[in-house]
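Notes for the one structure printed next.
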């Protein structure tokens, strides 16, 4: 596959996307850091589409630039070459149409859970007063934090903090949710529960979701489309359509089809990891 060709990730068996979801398009995106004479090329000529209303998961070798890709799609960084657009409109910087949930908690420590959720709309002056408070309360009840609205982040478990961050993102009514390894650092049981909870939310709202992870089982369990990235300079190595029915449960990961997806992904990632070791030598 030519690195300059546009990779299509759409899954024809997925339900139709809601009107408030959006197509995210990367066209020839490259990014390097450092001076020209000692440049570290991270991303190279990435062209791919993330379909509206689908959950696309990105995996790649450690250090390949997954977080750089997230920052560019979020508008926190700009590519050296190429463009990123949402429904054909070029990204000019961060905006509420794209909400990011990060690896580490970004909750404001001196605000309660409820205050954290209402902070963004209140600061922009888009929502306020009793209606904003009611919307935030309803969201927190929906994510299972109805009894923790007046608690501070330090009083919440890791899984609760993740649910609070999901509520804080959703209240902005984004067209795209970008998840940068959001369950990293959680214990195995909490991570499993968060994956199931996240899928329930996705099945309900069908937002365009771009989810970065280092865990293959998590990727296969969540994804409509699984994007395998190469070693640096990073390109799209392959897109695997994950044809497992929704709603999903963990028993599906023991199926022959899921095992074949995992085998293919692991082989590709192993080959890319070996290339990075060869370069290091």
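The values are calculated or read from the model by the stated rules, or taken from the named source; none is laboratory data. Please read these numbers as outputs of a predicted model, since none were measured by experiment. Note: ideal-geometry Cβ built from the backbone for every residue, glycine included; neighbour counts use all protein chains shown.
Before moving on, here are some points about what is shown:
- So residue 165, is it farther than 30 Å from residue 121 by Cα, at pLDDT below 95 and within 17 Å of the chain's Cα centre (by Cα): no
- Qualifying residue in region 172-187 (condition: assigned to a helix (DSSP H, G or I) and surrounded by fewer than 23 Cβ atoms within 10 Å (Cβ to Cβ)): no
- Residue check, residue 191 in a helix (DSSP H, G or I) and assigned by TED's automatic domain parsing to the domain that holds residue 71: yes
- Listed by first and then second residue, the pairs linking a residue in region 75-91 that is at positive phi to a residue that is in a loop (DSSP other than H, G, I, E, B) and surrounded by 14 or more Cβ atoms within 10 Å (Cβ to Cβ), with Cβ atoms under 6 Å apart and 6 or more places separating them unless they lie on different chains, are 75/91; 87/22; 87/23.
- Among the residues of region 96-129, those identified as part of a loop (DSSP other than H, G, I, E, B) and either within 22 Å of the chain's Cα centre (by Cα) or closer than 19 Å to residue 209 by Cα (or both) are 96, 97, 102, 103, 104, 105, 106, 107, 108.
Listed here are the residues, each with its yes/no results for (1) touching a strand residue (DSSP E or B) at 6+ places or on another chain (Cβ under 7 Å); (2) within 21 Å of residue 218 (Cα to Cα).
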| residue | (1), (2) |
| --- | --- |
| 143 | no, yes |
| 152 | no, no |
| 156 | no, no |
| 161 | no, yes |
| 165 | yes, yes |
| 168 | no, no |
| 171 | no, no |
| 177 | yes, yes |
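Each row is one residue, and each column tells you yes or no for (1) modelled with pLDDT under 90; (2) over 21 Å from the mean Cα position of the chain (by Cα); (3) not assigned by TED's automatic domain parsing to the domain that holds residue 216.
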| position | (1), (2), (3) |
| --- | --- |
| 87 | no, no, no |
| 141 | no, yes, yes |
| 146 | no, yes, yes |
| 160 | no, no, yes |
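- Residues of region 44-67 satisfying the condition of being more than 23 Å from residue 21 (Cα to Cα) and touching a strand residue (DSSP E or B) at 6+ places or on another chain (Cβ under 8 Å): 44, 45, 60, 61, 64, 65
- Single unsatisfied condition, residue 259 versus (1) assigned to a helix (DSSP H, G or I); (2) within 20 Å of the chain's Cα centre (by Cα): (2)
- Of residues in region 232-256 being out of contact with any strand residue (DSSP E or B) (no Cβ under 9 Å at 6 or more places or on another chain) and assigned to a loop (DSSP other than H, G, I, E, B), the one surrounded by the fewest Cβ atoms within 10 Å (Cβ to Cβ): 245
- Qualifying residue in region 218-231 (condition: over 23 Å from residue 73 (Cα atoms) and either in contact (Cβ under 8 Å) with a residue 40 or more places away in the chain or not in a helix (DSSP H, G or I) (or both)): no
- Among the residues making up region 130-168, those that are closer than 22 Å to residue 209 by Cβ and not in a helix (DSSP H, G or I) are 143, 144, 145.
- Test: residue in region 72-82 that is assigned to a strand (DSSP E or B) and over 20 Å from residue 145 (Cβ atoms): yes
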